[in-house]
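**Student:** One structure follows; several queries about it will come next.
The values are calculated or read from the model by the stated rules, or taken from the named source; none is laboratory data. The shown structure was predicted, so the numbers you read here are calculated from the model rather than taken from an experiment. Heads up, the Cβs are rebuilt from the backbone with ideal geometry, glycines too, and the neighbour counts pull from every protein chain shown.
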Amino acid sequence: MNLRPILFLAPLLLGADETEGLTPAELQAQACATVPHNGFRRKVAYATGSRRNAIPQAYSEARQKMLVEVTAGFSDLRRAAVERHIVDWKHEYENRRACASVELEVKHIDSFERESQDLERDIAALAKSIVDAMGEDPLLQIKAPVWANSGCVSEVGRYLISELRNQLARQPGQLALLPPRQRSWEAVELSTVLTPGAGTVVVSASLRPPGAVGATPLPGFSFPNDLLMVEEGERGQCHSDALIGVQGDGPTMSVQLALDTNDGQICEGGSIEPLMRLSHPAHVRIFSIDGQGDTLLIYPPPGPDPKAPVEMSLGTFQALRLDSGDEKLVVVAAPEATALGPLEDKRGFCRLDGGLQPGLFGQSVAMTSISYRVNPSGTGACAAVEDADEKIKAARAALEAVEPCTDR
């Protein structure tokens, strides 16, 4: 519930004469009182300077004092979720000195702590179910978590996976967990999908043994949207799988993609080497799709179209952030070339006008996608890239020059 309107109406509810006739000093004393309303916590801060600067500074410092007290030891994501419930209460300004107070309803603190404990317990239970299900398989790799329907990288999911790694490390047994940027086709693969609803987010998980067609579902769990700031219908920033028509494994074959990112994210300027694995040789089409849906065919090269081998590297390239969306790679694999439909005669590096669409292929094909986010250089933990602007400009010019796909 948004408390801001209630707090702004408080003087009316308490009586219109509450502040009438008070001197500036009395008004400031009321705004700066440290005793909160019943059921709230309050923090007060002061700042000096012009009215324009001092009042916002005082509010900012009051909010920080509240966060330090309430969210000590929290991750940035959980801290931001709590901060949404902090509301500005009152401020006064006199003689170049500002005072501001903020409040946080205690019920939000109590419910957040309870829901956080529930989430920690659920993640621990998932860790145990993973270890139990793996049996004698000692090696586990975790795919980047994604939003349901879209297949886009989930920032909230990255937080959950980080906590899951901590819980897995506490489990008894000989489980070996691959670091985020390492990949192995000999490892059991864990996939996690987040489905945001009106009030809760459902987390689904599954394990896929090496070379298997299909995956084994694991017990999932749910948590309140508000706990980690998830909006209903959240889908991420990539071009959605639903718009592309990604349909998963085929009836007789499977395809996997592995990307050496940090749980779906990589710094601009970093190198990426996508790897593909098929259950058996097949005719393959591989696409790169940006956040706006612009689609490039990047494999196979011009000429004959032999079946791709079971394992193949797509080559190494430098990650550049060309737009605000996330990038996506899509693989379509078919036991016979005719199952590729209108793409059977498409080859070479070209632009696919109209992009991929649902129903473009028959049921015999296997499809998969993997999305990743390129974080700008010089931000956060990403080092600055030399001549980044020039490299991005050159890359954009090269992409604009790519010709439309034709039958070859």
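**Student:** Could you tell me how many of the residues in region 307-324 are among the small types (Gly, Ala, Ser), touching a strand residue (DSSP E or B) at 6+ places or on another chain (Cβ under 9 Å) and more than 17 Å from Leu278 (Cα to Cα)?
**Tutor:** Total satisfying the criteria: 1.
**Student:** Quick check on this structure: which one of Pro172, Pro138, Pro210, Pro180 is modelled with pLDDT under 90, under 24 Å from Val310 (Cα atoms) and in contact with a helix residue (DSSP H, G or I) (Cβ under 9 Å, 6 or more places away or on another chain)?
**Tutor:** Of the residues listed, the single one that is modelled with pLDDT under 90, under 24 Å from Val310 (Cα atoms) and in contact with a helix residue (DSSP H, G or I) (Cβ under 9 Å, 6 or more places away or on another chain) is Pro180.
**Student:** I would also like to ask the following. Would you mention how many residues in region 356-397 are on the phi > 0 side of the Ramachandran plot and in a helix (DSSP H, G or I)?
**Tutor:** From region 356-397, those on the phi > 0 side of the Ramachandran plot are 359, 378, 380, 387; that's our starting set.
So of that shortlist, the ones also in a helix (DSSP H, G or I) come out as none.
Counting residues in region 356-397 that are on the phi > 0 side of the Ramachandran plot and in a helix (DSSP H, G or I) gives 0.
**Student:** Here is a list of conditions, (1) closer than 20 Å to Tyr159 by Cα; (2) modelled with pLDDT under 95, and Glu94 meets all of them except one; can you say which number that is?
**Tutor:** (1)
**Student:** Still on this model: Looking only at residues in region 228-248 that are closer than 18 Å to Thr192 by Cβ and over 15 Å from the mean Cα position of the chain (by Cα), which one is surrounded by the most Cβ atoms within 10 Å (Cβ to Cβ)?
**Tutor:** It comes out as Asp241.
**Student:** Tell me whether region 376-395 contains one or more residues that are over 25 Å from Gly236 (Cα atoms), surrounded by 12 or more Cβ atoms within 10 Å (Cβ to Cβ) and hydroxyl-bearing (Ser, Thr, Tyr).
**Tutor:** Taking every residue of region 376-395 in turn, none turns out to be over 25 Å from Gly236 (Cα atoms), surrounded by 12 or more Cβ atoms within 10 Å (Cβ to Cβ) and hydroxyl-bearing (Ser, Thr, Tyr).
**Student:** Kindly indicate the residue of region 101-135 that is among the charged types (D, E, K, R) and over 19 Å from Ser204 (Cα atoms) and also modelled with the highest pLDDT among those meeting that condition.
**Tutor:** From region 101-135, those among the charged types (D, E, K, R) are 103, 105, 107, 110, 113-115, 118, 120-122, 128, 132; that's our starting set.
Remaining after also requiring over 19 Å from Ser204 (Cα atoms): 103, 105, 107, 110, 113-114.
Working: Glu103: 93, Glu105: 90, Lys107: 84, Asp110: 82, Glu113: 82, Arg114: 88.
Ranking the candidates gives Glu103 first.
**Student:** Also: Has region 365-384 got at least one residue that is at pLDDT 90 or above and touching a Phe, Trp or Tyr at 6+ places or on another chain (Cβ under 7 Å)?
**Tutor:** No, the conditions are met nowhere in region 365-384.
**Student:** Would you pick out the residues in region 214-252 that are assigned to a strand (DSSP E or B) and in contact with a Leu (Cβ under 6 Å, 6 or more places away or on another chain)? Spell out the reasoning first.
**Tutor:** Taking region 214-252 and keeping what is assigned to a strand (DSSP E or B), we get 216-224.
Once the filter is applied, which keeps residues that are assigned to a strand (DSSP E or B) and in contact with a Leu (Cβ under 6 Å, 6 or more places away or on another chain), region 214-252 yields Thr216, Phe223.
**Student:** Contact list please: Cβ distance under 8 Å, first residue in region 88-111 and at positive phi, second residue surrounded by fewer than 21 Cβ atoms within 10 Å (Cβ to Cβ), pairs at least six apart or on different chains.
**Tutor:** What qualifies is Arg96/Thr48; Arg96/Gly49; Arg96/Ser50; Arg96/Ala54.
**Student:** Moving to a separate point now. Does Ala45 fit the bill of being outside any strand (DSSP E or B) and either in contact with a helix residue (DSSP H, G or I) (Cβ under 6 Å, 6 or more places away or on another chain) or touching a residue at least 40 places away in the same chain (Cβ under 8 Å) (or both)? Steps first, please.
**Tutor:** Numbers: outside any strand (DSSP E or B): no; either in contact with a helix residue (DSSP H, G or I) (Cβ under 6 Å, 6 or more places away or on another chain) or touching a residue at least 40 places away in the same chain (Cβ under 8 Å) (or both): yes.
When the stated conditions are applied, Ala45 does not pass them.
**Student:** Looking at region 290-297, can you tell me whether even one residue there is in contact with a strand residue (DSSP E or B) (Cβ under 9 Å, 6 or more places away or on another chain), closer than 27 Å to Val213 by Cβ and outside any loop (DSSP other than H, G, I, E, B)? Steps first, answer last, please.
**Tutor:** Initial filter on region 290-297 (in contact with a strand residue (DSSP E or B) (Cβ under 9 Å, 6 or more places away or on another chain)): 290-291, 294-297.
Next cut, closer than 27 Å to Val213 by Cβ only: 295, 297.
Of the ones still in play, those that are also outside any loop (DSSP other than H, G, I, E, B) are 295, 297.
Yes, region 290-297 contains at least one residue that is in contact with a strand residue (DSSP E or B) (Cβ under 9 Å, 6 or more places away or on another chain), closer than 27 Å to Val213 by Cβ and outside any loop (DSSP other than H, G, I, E, B).
**Student:** When only residues in region 131-171 that are out of contact with any strand residue (DSSP E or B) (no Cβ under 9 Å at 6 or more places or on another chain) and hydroxyl-bearing (Ser, Thr, Tyr) count, which is farthest from Glu189 (Cα to Cα)?
**Tutor:** Once the filter is applied, the top-ranked residue is Tyr159.
**Student:** Right, something else. Cys267 fails exactly one of the following numbered conditions: (1) crowded, with 19+ Cβ neighbours inside 10 Å; (2) closer than 21 Å to Leu119 by Cβ; (3) of a type in the set (A, V, I, L, M, F, W, C). What is the number of that condition?
**Tutor:** Of the numbered conditions (1) crowded, with 19+ Cβ neighbours inside 10 Å; (2) closer than 21 Å to Leu119 by Cβ; (3) of a type in the set (A, V, I, L, M, F, W, C), the odd one out for Cys267 is (2).
**Student:** Still on this structure: Just name the residue that is nearest to the chain's Cα centre (by Cα) out of those in region 301-331 that are part of a strand (DSSP E or B) and within 19 Å of Lys391 (Cβ to Cβ). Working first, answer last.
**Tutor:** First, the residues of region 301-331 that are part of a strand (DSSP E or B): 308, 311-313, 317-318, 327-331.
Okay, now just the ones that are also within 19 Å of Lys391 (Cβ to Cβ), so 317-318, 327.
Numbers: Phe317: 23, Gln318: 21, Glu327: 13 Å.
My answer is Glu327.
**Student:** Being among the basic types (Lys, Arg), under 22 Å from Leu329 (Cα atoms) and in contact with a Ser or Thr (Cβ under 9 Å, 6 or more places away or on another chain), is that true of even one residue in region 169-189?
**Tutor:** Of all residues in region 169-189, those among the basic types (Lys, Arg) come to 170, 181, 183.
Going one step further and asking which of them are under 22 Å from Leu329 (Cα atoms), we end up with 181, 183.
Applying the additional criterion that residues be in contact with a Ser or Thr (Cβ under 9 Å, 6 or more places away or on another chain) yields 181.
Taking every residue of region 169-189 in turn, at least one turns out to be among the basic types (Lys, Arg), under 22 Å from Leu329 (Cα atoms) and in contact with a Ser or Thr (Cβ under 9 Å, 6 or more places away or on another chain).
**Student:** Here's a follow-up. Mind counting the residues in region 249-264 that are surrounded by fewer than 20 Cβ atoms within 10 Å (Cβ to Cβ) and of a type outside the set (A, V, I, L, M, F, W, C)?
**Tutor:** 4
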